[in-house]
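The values are calculated or read from the model by the stated rules, or taken from the named source; none is laboratory data. Source: prediction; values computed, not measured. No Cβ is skipped: glycine too gets one built from the backbone with ideal geometry, and neighbour counts run over all protein chains shown. Each accessible area value is taken on the protein alone, full model and side chains, heavy atoms only, with ligands, DNA and RNA left out. Shrake-Rupley method; radii C 1.70, N 1.55, O 1.52, S 1.80 Å.
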Amino acid sequence: AGVAVALGAGAGACLWRWARRRCTAALHPALVDPRSGETLSKAAVFKLRRTLFCAAQSVSYANSDPLLAMSGSEHWLFDEQGRVYLDTRNNVAHVGHANKNVAAAVCAQVATLNTNMRYIHPTVCLLARALLATLPLPLSDGTVFFVNSGSEANDLALRLARAHTGRIGTVVLEYGYHGHTIATLGISPYKFASKRAHPTARQPDWVLTAPAPDLFRGPHRGDDAGERYSDYVRDACAGLERRASLRGDPSLAVGAFLVESGATRPCARRAACASPTRCRRASVAAVMEAGGRSRVGQVETRGSRLRPTLSRWASRWATACPSPPWSARARSRSPSPPGPSTSTRSAETPCAPPPPSRCSQS
């Protein structure tokens with residue numbers, strides 16, 4: 001404390017943060033290469049990553065200073081030097097990093113049994129029942145498929161829609177991302193409309209794209225915006241119907257409509273509002289009238305980036321939100337991290353704060 005006073009408030013604070021980072025860094029064991037026995041530096045780890053992984057598997061901040069995440073706690077990440085980062089990018093730790101309840105449950109189950117579902121077990125049945133209980137009718141009276149990723153879920157959704165309707169025609173919204181399988185890449189404008197897309201990764205002729213609802217910058221922003229945007233979906237359904245008629249192939253008519261529950265992709269910031277309830281319901285109605293089926297999902301949910309009320313609405317179509325979920329990229333107002341260091345930068349650099357939202361916060 002005496003040193004801090006002598007150096008002044010600013011210099012003392014810097015010294016204190018440096019000391020706390022050193023304490024946090026000491027908690028992380030040195031990275032050792034098991035083959036050579038040498039200590040691995042951050043640069044060495046990055047070199048291994050670039051040598052052993054395909055270049056298509058991108059690394060965030062590779063052009064500046066990639067993050068070497070050594071541990072996590074709740075919504076914070078800690079690097080090898082003990083620096084703390086507010087995690088706004090992960091779509092993996094839905095209930096926070098190193099959640100004690102999740103870790104204990106996983107350890108207990110792995111220590112007991114880890115097998116596929118060809119056999120019966122009470123836990124998976126009770127989980128399916130609990131999941132269905134969270135859904136409104138008629139979904140709560142349905143059945144459950146357990147899958148290992150959002151990509152597999154959307155791939156399965158296409159298969160189910162095709163089996164039910166006998167059609168392959170699909171309507172999606174611009175900027176949408178629905179997975180990285182061959183089928184889901186074909187319904188992901190985020191991928192096939194990208195300037196960096198491979199020539200073979202083009203939009204299939206059985207897919208039509210409708211504009212994404214944007215109540216902030218889009219052409220329709222009034223009370224009737226939901227119906228106006230749903231007209232684009234209706235036009236896409238009609239376009240697939242005409243295509244099926246011209247080619248004499250009924251299977252090209254609309255069979256599925258896929259939409260993300262929240263526009264959280266970085267490239268979707270031009271349309272960074274979740275679809276208003278009226279728009280989604282009108283769009284779903286248009287697809288149903290055309291003989292198709294709808295799927296609302298999220299490959300990368302990033303639940304912490306959506307407000308709790310909006311997150312509940314996005315999964316259950318319950319509440320209308322007239323403004324974009326600015327919390328997706330807004331500056332954090334969270335309390336100080338629990339670790340022994342201070343936050344130095346966000347894992348995703350926040351943009352300038354947008355106009356205040358009219359959505360309620362909880």
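Summary table below
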quantity	calculated
Those residues of region 200-241 which are of a type in the set (S, T, N, Q) and in contact with a Pro (Cβ under 6 Å, 6 or more places away or on another chain), in sequence order	209
Selection within region 170-202 - basic (Lys, Arg) and either at pLDDT 90 or above or assigned to a helix (DSSP H, G or I) (or both)	191
Conditions (1) closer than 30 Å to residue 254 by Cβ; (2) in contact with a strand residue (DSSP E or B) (Cβ under 8 Å, 6 or more places away or on another chain); (3) not acidic (Asp, Glu): number failed by residue 142	(2)
Selection within region 173-204 - over 21 Å from the mean Cα position of the chain (by Cα), under 24 Å from residue 246 (Cα atoms) and open to solvent by less than 70 Å² (accessible area, probe 1.4 Å)	204
For residue 209: the one exception among (1) in a loop (DSSP other than H, G, I, E, B); (2) open to solvent by 40 Å² or more (accessible area, probe 1.4 Å); (3) at pLDDT 90 or above; (4) of a type in the set (Val, Ile, Thr)	(1)
Matching entry among 97, 28 (being more than 27 Å from residue 149 (Cα to Cα) and in contact with a strand residue (DSSP E or B) (Cβ under 8 Å, 6 or more places away or on another chain))	28
Members of region 171-198 found to be among the charged types (D, E, K, R) and farther than 14 Å from residue 212 by Cβ, listed by number	191, 195, 196
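A quick yes/no check of all residues on (1) free of Cβ contacts under 8 Å to residues at least 40 places away in the same chain; (2) more than 21 Å from residue 182 (Cα to Cα); (3) open to solvent by 70 Å² or more (accessible area, probe 1.4 Å):
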residue	(1), (2), (3)
213	no, yes, no
217	no, yes, yes
221	yes, yes, yes
226	no, yes, no
261	no, yes, no
